[in-house]
Amino acid sequence: MRHTISVIVENKPGVLARVAGLFSRRGFNIESLAVGTTEDPNISRMTIVANGDEQDLEQIIKQLYKLIDTLRVFDIPKDREIQRELVLIKVSMTDQTRKEITEIAELFKAKIADLSEKSMVIEISDEEEKVNNLEKMLQKFGIMELVRTGKIALQKGGTK
């Protein structure tokens with residue numbers, strides 16, 4: 001089962017390495033990891049997507065709390081999740097395909113971040129499924145490069 005885990009930590013050097021090391025030592029693969037400062041510059045939020053059953057999740061949460069810089073850890077339930085991923089896709093383009101690629105980008109509410117003679121860079125920030133669908137639509141033109149930030153997520157409602 002796929003879990004989105006939010007880890008609130010002190011914003012100090014080495015914290016990311018300790019968290020990633022914990023997953024590695026336990027044999028869990030991190031599917032996605034995004035880290036950034038919060039509204040408080042002394043605090044960072046990590047959004048980690050990993051696969052495992054409920055027992056695995058419980059173990060990971062317990063182990064994360066043992067790390068000295070961990071302030072709070074919680075699994076974000078799928079039905080209470082607001083998630084986004086930022087993706088840049090460089091697509092091969094010709095004069096004949098420019099219009100079609102642009103229309104596809106507009107359909108997905110994506111932006112044209114760069115345009116050259118032979119390529120276009122499309123930027124999208126959306127839910128993983130929509131990003132994946134855009135990627136599939138662009139494959140026929142030839143994806144030259146693609147980079148994803150990893151998922152970021154917050155829980156809906158009034159809780160922190």
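Applying the criterion of being surrounded by 17 or more Cβ atoms within 10 Å (Cβ to Cβ) and not β-branched (Val, Ile, Thr) to the residues of the stretch 89-106, the residue that is nearest to Ser116 (Cα to Cα) is Met93. Anything in the stretch 42-74 that is surrounded by fewer than 16 Cβ atoms within 10 Å (Cβ to Cβ), modelled with pLDDT under 95 and either among the polar types (S, T, N, Q) or within 19 Å of the chain's Cα centre (by Cα) (or both)? List them, or say none. Selection gives Asn51, Gln55, Gln59, Phe74.
Each row is one residue, and each column tells you yes or no for (1) touching a Leu at 6+ places or on another chain (Cβ under 6 Å); (2) in a strand (DSSP E or B).
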position	(1), (2)
Lys109	no, no
Ile112	no, yes
Met120	no, yes
Asn133	no, no
Gly150	yes, no
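Looking across the stretch 75-105, not a single residue is more than 30 Å from Met46 (Cβ to Cβ), among the acidic types (Asp, Glu) and within 22 Å of the chain's Cα centre (by Cα).
Rundown of residues vs (1) of a type in the set (D, E, K, R); (2) touching a Leu at 6+ places or on another chain (Cβ under 9 Å); (3) in contact (Cβ under 8 Å) with a residue 40 or more places away in the chain, yes/no style:
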{"residue": "Arg2", "(1), (2), (3)": "yes, no, yes"}
{"residue": "Ile5", "(1), (2), (3)": "no, yes, yes"}
{"residue": "Ala20", "(1), (2), (3)": "no, yes, no"}
{"residue": "Ile30", "(1), (2), (3)": "no, no, no"}
{"residue": "Gly36", "(1), (2), (3)": "no, no, yes"}
{"residue": "Glu39", "(1), (2), (3)": "yes, no, no"}
{"residue": "Ile48", "(1), (2), (3)": "no, yes, yes"}
{"residue": "Leu57", "(1), (2), (3)": "no, no, yes"}
{"residue": "Ile76", "(1), (2), (3)": "no, yes, yes"}
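The values are calculated or read from the model by the stated rules, or taken from the named source; none is laboratory data. Owing to the predicted nature of the structure, the values given are computational and were not obtained by experimental measurement. Quick reminder, even Gly has a Cβ in these numbers, built from the backbone with ideal geometry, and neighbours come from all protein chains shown.
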